[in-house]
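Report on one structure; see the data block that follows.
Bear in mind these aren't lab numbers, they're just calculated from the coordinates by the rules spelled out. Predicted, not measured: the structure shown is a model, and the values here were computed from it. Here Cβ is always computed from backbone atoms with ideal geometry, including for glycine, and neighbour counts include all displayed protein chains.
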Amino acid sequence: GAMRPATTGAMRPATAEAQATNIKMFTDIHRFLIQRHNDIEWLREQHRRKDRQRRDGLAECMRQQEQDHAERVSQMQRFSEDMQRHTNRKMDSLRVELEHADVMSADIENPLTIQARRRQQFQLDRLTHDVNSIRSGLCVVADAMQLLGSDDGSAPG
């Protein structure tokens with residue numbers, strides 16, 4: 001029993017020192033974990049905020065795309081109507097000029113002078129050019145309508 005008090009007395013200061021070190025280590029680890037927890041919460045809030053911003057941006061893009069699509073369809077419809085009116089006017093003009101040419105060619109009693117023949121040939125050349133221009137314009141319209149139809153999945157009409 002005589003050794004025991006000497007050993008116990010020597011152990012107590014070492015144990016108190018070890019306990020203080022353990023408490024300090026626990027406090028440091030606890031503080032570190034709280035900081036990491038706060039960092040994680042901050043990152044979560046950042047993620048929520050950025051996710052909300054991206055969703056709002058995406059919704060705005062979708063709305064703008066729908067608006068642009070509606071405007072494009074409207075513009076194509078107006079363009080198609082304008083081209084149809086223009087084509088009808090050109091065709092009416094062509095019909096009148098052809099009727100006039102028929103009347104002139106049917107008038108055999110009045111032989112055409114060289115100047116009248118040149119004028120008639122000029123008119124025919126101009127009519128040919130106009131018909132070719134109309135055909136080219138209509139091909140452009142047909143191509144545009146085909147593209148429009150393939151963009152929105154519906155047939156042009």
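Quick one: what are the phi-derived ³J(HN,Hα) couplings along the stretch 60-74, Karplus 6.51/-1.76/1.60 with θ = phi - 60°, whole Hz, x for glycine and proline?
Residue by residue, the stretch 60-74 yields 5, 4, 5, 4, 5, 5, 5, 5, 4, 4, 4, 5, 5, 4, 5 Hz.
Give me the one-decimal nm value for the distance between modelled label points at Q46 and D82, 7 Å along each residue's Cα-to-Cβ direction.
Using points 7 Å along Cα→Cβ, the separation is 5.2 nm.
Summing Lys, Arg as +1 and Asp, Glu as -1, what charge do residues with Cβ under 15 Å from the Cβ of E97 carry, E97 excluded? Don't jump to the answer; show the numbers that get you there.
Details: positive: R89, K90, R95, R119, R126; negative: D92, E99, D102, D125, D130.
Result for the local shell: 0.
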